[in-house]
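The next block holds one structure in the form of structure tokens; read it before the comments.
The values are calculated or read from the model by the stated rules, or taken from the named source; none is laboratory data. Because the structure is a prediction, the values reported are computed rather than measured. Don't worry about glycine lacking a Cβ; one is built from the backbone with ideal geometry, like all the others, and counts go over all protein chains shown.
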Amino acid sequence: MALYLDAIIAGFGGQGVMLIGNLLAYAGMEAGYNVTYIPVYGPEMRGGTANCTVVISDEPIGSPIIKRPLSCIIMNLPSLHKFQPTVQDGGVVVVNSSLVDPALGDAARLKIVPVAANEIADAQGNVRMANMVALGAWLRATNAIPLDTVQQALPNVIAAHYAKLIPANANALARGWETADAAMATA
Amino acid sequence: MTASRKFLKGNEAVVYGALAAGCRCYFGYPITPQNDIPELMSSEMVKVGGQFVQAESEVGAANMLLGAAACGVRAFTSSSSPGVSLMQEAISYMAGSELPGVIVNMARGGPGLGDIGSSQGDYFQAVKGGGHGDYRCYVLAPATCQEAYDHMIEAFDVAYAWRVPVLVLGDAILGQMKEPVTTWTPDVNADAGKDWRLEGASGRPERLLKSLFLEDGALAGHNAKLQTRYRDMQPLSRLETVGVDDAELVIVAFGTIGRIARSAASQLRKQGHKVGVARPVTLFPFPVAQLQALAVPGRRFLTIEQNCGQMVEDVRLALAGKAEVAFHGHLPGNLPNPDEFIQPILDALAAKA
Amino acid sequence: MTSINLAALQQEGYTEVATLPEVLADRPMHYCPGCHHGIAHRLVAEALEELGQVERTICVSSIGCSVFIYNYMHLDTVEAPHGRAAAVATGVKRARPDAFVFTYQGDGDLASIGLAESMHCANRGEKLSIVFINNTVYGMTGGQMAPTTLPGQKTTTSPGGRCASTEGLPLKMAEIMAGLGGVAYSARVATTSLKRIVEAKKAIKAAFQCQIDGRGFGFVELLSACPTNWRMTPLQANERVEKELIPYFPLGVFKDDANDPACSVSGGDS
């Protein structure tokens, strides 16, 4: 099956958007795809958001920079305002409903996947893993890369001195995946 | 030759490619967006028993490169546009002294301090000499992290085979993006340079590496030799093409702009527009014959660059009036993306009718 | 140009008391009458031979009158851009740690356009040596003001004499170098008399020995005469070094870690 998928992942600096972008791209590589990951420069860096773009494809990738993405992971409100309008019709937008009112999601045009990433991560014992929860939800919503492929990629993107946190990160990915799965079953 | 697949930034790919090519000296100075190179080199070079020096300036770094190259030891320096301007003196001397220095420019916006985003504003500087005097560098323009790795290996091979400085011209996008890279280790010809490199004149006459030629006719002869060498290098030129066979319009673009243009062309193909992309992989020597071969009657060309119009002059010279060559300049300071190129491409197509 | 006909001289009753160092080419030099470069070249050549370094030496030439040093020494040599000799030498030494590396630079080259490269090379403690010829003037380009030109000294770009209030005061490089951490040895010498020449050679050998022992950077400043650009006879120029230069640029060893246990480091490069 031909695959082409891209995602802009955006949030506050410190929310770990670069880390999950890296993780997703690495897992895409492990799954046998061509991938690109790029932290985006420029005025965006001054707009209160940190963001990166990931492209996954079974063909050679042209542009690593995407203006109208097929999907987004939105970790905070400024990112929703900035990137939601750019997502292509029918695109997937994972919204961190802990910080962004999911009612702001453009459900008429897009597939909005709310996930209370901060609360879920906090319940698992570490609110800093909200990024992993959100990525887990994105994996379920897009079905692009198997969850376990992403979990197995964790040691390759997490620094060695945080290695003890890998099981907890894998768990956070799974909780996000399950949350989106449950939401999609009821939808 | 051993191979494995890694997930690397373009800047990191430059480092690992250089090390695989047997580079054992690196000289650098901090400047965004290439700082990953000196930072990674400061630890990786030590692991292979090589030398890392954070120079006092890009002037210092480029001249350290000159010294190491004079010893026939594989060495390189890296910088970004303002720093590469400071290196032009040493590059001219290396060209004049026939020294195989390798220089990486992860270009940023200009003129002056510009910005830290991507730019192709250094094309003229890269391919027309850059410093004083009549000389050329062999110039490679990687578009992918894999090419960033592979081009470093090629850079050293060409530098030593032809005794010319080699410039690898990337940009902020290439330096910062990550892609899978299949790493591999070439066989390095340890004998390259053994008949001219400096090592102390033990058991042989002394050797002299210089660019000063004051004797009657000496400089003219030296220049003639260099120009012949540059002409002889022409067969090394390469052009990558995608979808050009039936194309009504061929986009000519290099480096990361080449791959972004490919995405735009791909979108337009899906809408039925016959658009192809030709990407010069070597900027000097320029793929003149390959471009000429594409200039069939009725076909138009559009050069897209992230500058105000530089390579387009070489495209027009190459096509020598055989085809119309339009230009779209994406201004440095604005991040390029495929959507920005759609309308200029449609305009170029429409101009044909 | 002919070399000395030793046999003919011996027939006339002369006796050979000194021979040319083998590393020194047996050919006339292009330097002006009374210029001290010739003496300095010979001292460098003798030091290299006496220390057994000739066959592993790489010389870095600079821009100025001494750019042609490679015509007079049978040494592997690379020509550095103006002022960049210390950076080029850094690259050479890092690429070939087993080589003996020295630069030979004038005052414009080292102390003006190349001040940054020279001082950072010294401060890094590169295991190499610099022979610095200070004649207070740009020689090759025709006698312009140098960073070491003395106050009041007339040059083609300071026709009224160097003015301290607008052009500053001469840089005392041997003292400056001695203040840098990586420097193992720094001295200033002159070549105006036999006695001074003997001292100068000692200093050059001491600076070279630092590199051989891997102790660090060695620097020797030689006060030199430039009769042509000083508009003087060779004798007057020699006297000027004694009467005007030495009072401003005192001779001596400003740093020698061999005599200072606090400076000594272990290890060697050979």
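Only one of these conditions is not met by B:R259: (1) at pLDDT 95 or above; (2) within 28 Å of B:D339 (Cα to Cα); (3) away from every other protein chain (no Cβ under 14 Å). Which number is it?
So B:R259 meets the others, but not (3).
Find the residue count for the stretch C:117-170, including only residues that are farther than 30 Å from C:Q211 by Cβ and among the hydrophobic types (A, V, I, L, M, F, W, C).
5
Here are some conditions: (1) surrounded by 24 or more Cβ atoms within 10 Å (Cβ to Cβ); (2) small (G, A, S); (3) out of contact with any helix residue (DSSP H, G or I) (no Cβ under 8 Å at 6 or more places or on another chain). C:G38 meets all but one. Which one does it not meet?
Condition not satisfied by C:G38: (1).
Residue by residue, here is whether (1) at the interface with another protein chain (Cβ under 10 Å from one of its Cβ atoms); (2) of a type outside the set (K, R); (3) crowded, with 24+ Cβ neighbours inside 10 Å; (4) in contact (Cβ under 8 Å) with a residue 40 or more places away in the chain holds:
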| position | (1), (2), (3), (4) |
| --- | --- |
| A:Q15 | no, yes, yes, yes |
| A:P60 | yes, yes, no, no |
| A:R68 | yes, no, no, no |
| A:I74 | no, yes, yes, yes |
| A:L77 | no, yes, no, no |
| A:P85 | no, yes, no, no |
| A:L99 | no, yes, no, no |
| A:A108 | no, yes, no, no |
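Residue pairs, Cβ under 9 Å, 6 or more apart or interchain, first in the stretch B:317-328 and surrounded by fewer than 18 Cβ atoms within 10 Å (Cβ to Cβ), second assigned to a strand (DSSP E or B) and among the basic types (K, R). List them.
B:E324/B:R300
I'd like the full set of residues that are within 11 Å of another protein chain (Cβ to nearest Cβ), of a type outside the set (S, T, Y) and either under 23 Å from the mean Cα position of the chain (by Cα) or surrounded by fewer than 17 Cβ atoms within 10 Å (Cβ to Cβ) (or both), limited to the stretch B:30-52.
Correct list: B:P33, B:M45, B:G49, B:F52.
If you check B:P100 against the conditions, is it on the phi < 0 side of the Ramachandran plot, assigned to a loop (DSSP other than H, G, I, E, B) and at pLDDT 95 or above? Step through it out loud before you land on a result.
Values: on the phi < 0 side of the Ramachandran plot: yes; assigned to a loop (DSSP other than H, G, I, E, B): yes; at pLDDT 95 or above: yes.
For B:P100, the condition - on the phi < 0 side of the Ramachandran plot, assigned to a loop (DSSP other than H, G, I, E, B) and at pLDDT 95 or above - is met.
Looking at B:A224, B:A192, B:A159, B:A220 in this structure, which one is at pLDDT below 95 and of a type in the set (G, A, S)? Reasoning before the result, please.
Details: B:A224 fails: at pLDDT below 95; B:A159 fails: at pLDDT below 95; B:A220 fails: at pLDDT below 95.
Answer to the selection: B:A192.
Taking B:L291, is it touching a helix residue (DSSP H, G or I) at 6+ places or on another chain (Cβ under 6 Å), surrounded by 21 or more Cβ atoms within 10 Å (Cβ to Cβ) and over 27 Å from A:I66 (Cβ atoms)?
Spelling it out, B:L291 is indeed touching a helix residue (DSSP H, G or I) at 6+ places or on another chain (Cβ under 6 Å), surrounded by 21 or more Cβ atoms within 10 Å (Cβ to Cβ) and over 27 Å from A:I66 (Cβ atoms).
Mind listing just one residue for me: the one in the stretch A:87-97 that is away from every other protein chain (no Cβ under 14 Å) and either under 21 Å from A:I38 (Cβ atoms) or assigned to a helix (DSSP H, G or I) (or both) and, of those, farthest from the chain's Cα centre (by Cα)? Talk me through it step by step, then tell me what you get.
If we filter the stretch A:87-97 for residues that are away from every other protein chain (no Cβ under 14 Å), which is where we start, we get A:89-97.
Okay, now just the ones that are also either under 21 Å from A:I38 (Cβ atoms) or assigned to a helix (DSSP H, G or I) (or both), so A:91-94.
Values: A:G91: 13, A:V92: 10, A:V93: 9, A:V94: 7 Å.
Across the stretch A:87-97, the extreme among qualifying residues is A:G91.
Kindly provide the set of residues from the stretch B:60-85 that are out of contact with any strand residue (DSSP E or B) (no Cβ under 7 Å at 6 or more places or on another chain) and small (G, A, S), ordered by number.
B:G60, B:G72, B:G83, B:S85 - these are the residues of the stretch B:60-85 that are out of contact with any strand residue (DSSP E or B) (no Cβ under 7 Å at 6 or more places or on another chain) and small (G, A, S).
Output the residues belonging to the stretch B:1-20 that are modelled with pLDDT of 95 or more and either surrounded by fewer than 24 Cβ atoms within 10 Å (Cβ to Cβ) or part of a strand (DSSP E or B) (or both).
Passing the criteria: B:K6, B:F7, B:L8, B:K9, B:E12, B:Y16, B:L19, B:A20.
Can you tell me which residues in the stretch C:61-78 are within 7 Å of chain B (Cβ to nearest Cβ) and over 15 Å from B:G72 (Cα atoms)? Spell out how you get there, then give the answer.
Initial filter on the stretch C:61-78 (within 7 Å of chain B (Cβ to nearest Cβ)): C:67, C:70, C:74-78.
The answer is C:V67, C:Y70, C:H74, C:L75.
Could you check C:L43 against (1) buried (at least 23 other Cβ atoms within 10 Å of the Cβ); (2) in a helix (DSSP H, G or I); (3) in contact with a Phe, Trp or Tyr (Cβ under 7 Å, 6 or more places away or on another chain) and say which number it fails?
With respect to (1) buried (at least 23 other Cβ atoms within 10 Å of the Cβ); (2) in a helix (DSSP H, G or I); (3) in contact with a Phe, Trp or Tyr (Cβ under 7 Å, 6 or more places away or on another chain), C:L43 is out only on (3).
Within the stretch C:108-117, does at least one residue satisfy the condition of being on the phi < 0 side of the Ramachandran plot, part of a loop (DSSP other than H, G, I, E, B) and of a type outside the set (V, I, T)?
At the first step, the residues of the stretch C:108-117 found to be on the phi < 0 side of the Ramachandran plot are C:108-117.
Remaining after also requiring part of a loop (DSSP other than H, G, I, E, B): C:114.
Within this subset, residues satisfying the condition of being of a type outside the set (V, I, T) are C:114.
So far as the stretch C:108-117 goes, yes, one or more of its residues are on the phi < 0 side of the Ramachandran plot, part of a loop (DSSP other than H, G, I, E, B) and of a type outside the set (V, I, T).
From the set of residues in the stretch A:107-116 that are of a type outside the set (K, R) and out of contact with any Pro (no Cβ under 8 Å at 6 or more places or on another chain), which is farthest from A:A180 (Cα to Cα)?
Top of the filtered list is A:A108.
Would you kindly identify the strands (runs of 3 or more DSSP E) lying entirely within the stretch B:273-353 that contain at least 1 residues that are farther than 30 Å from B:P165 by Cβ and within 14 Å of chain A (Cβ to nearest Cβ)?
Hits in the stretch B:273-353: B:275-280.
Can you tell me which of C:L110, C:L115 is more than 7 Å from chain B (Cβ to nearest Cβ) and within 24 Å of C:R42 (Cα to Cα)? Break it down stepwise before answering.
Details: C:L115 fails: within 24 Å of C:R42 (Cα to Cα).
Of C:L110, C:L115, the one residue that is more than 7 Å from chain B (Cβ to nearest Cβ) and within 24 Å of C:R42 (Cα to Cα) is C:L110.
For the stretch B:104-211, please list each of the strands (runs of 3 or more DSSP E) lying entirely inside it that holds at least 2 residues being in contact (Cβ under 8 Å) with a residue 60 or more places away in the chain and either within 24 Å of B:Q88 (Cβ to Cβ) or within 14 Å of chain C (Cβ to nearest Cβ) (or both). Break it down into steps so the answer makes sense when it comes.
Details: elements: B:138-140, B:166-171, B:178-184.
The strands (runs of 3 or more DSSP E) meeting that bar are B:138-140, B:166-171.
Picking from C:I58, C:I69, which residue would you name as being buried (at least 23 other Cβ atoms within 10 Å of the Cβ) and in a strand (DSSP E or B)? Write out each step before concluding.
Details: C:I69 fails: in a strand (DSSP E or B).
Checking each option against the conditions leaves just C:I58.
Condition check: modelled with pLDDT under 95 and surrounded by fewer than 24 Cβ atoms within 10 Å (Cβ to Cβ). Does B:D115 satisfy that?
Here the answer is yes, as B:D115 does meet what is asked.
I'd like the full set of residues that are more than 10 Å from every other protein chain (Cβ to nearest Cβ) and either more than 15 Å from the chain's Cα centre (by Cα) or surrounded by fewer than 21 Cβ atoms within 10 Å (Cβ to Cβ) (or both), limited to the stretch C:123-138.
Passing the criteria: C:G125, C:K127.
Can you confirm whether the stretch C:11-18 contains a residue that is surrounded by fewer than 19 Cβ atoms within 10 Å (Cβ to Cβ), part of a helix (DSSP H, G or I) and aliphatic (A, V, I, L, M)?
No, the stretch C:11-18 contains no residue that is surrounded by fewer than 19 Cβ atoms within 10 Å (Cβ to Cβ), part of a helix (DSSP H, G or I) and aliphatic (A, V, I, L, M).
For the stretch B:89-98, indicate whether the set of residues that are charged (D, E, K, R) and away from chain C (no Cβ under 11 Å) is non-empty.
The answer is yes; a qualifying residue exists.
From C:A116, C:A99, grab the single residue that is in contact (Cβ under 8 Å) with a residue 40 or more places away in the chain and either in contact with a helix residue (DSSP H, G or I) (Cβ under 6 Å, 6 or more places away or on another chain) or aliphatic (A, V, I, L, M) (or both).
C:A99
It is to be established whether one or more residues within the stretch A:172-181 are of a type outside the set (G, A, S), more than 12 Å from the chain's Cα centre (by Cα) and surrounded by fewer than 18 Cβ atoms within 10 Å (Cβ to Cβ).
Yes - at least one qualifying residue is present in the stretch A:172-181.
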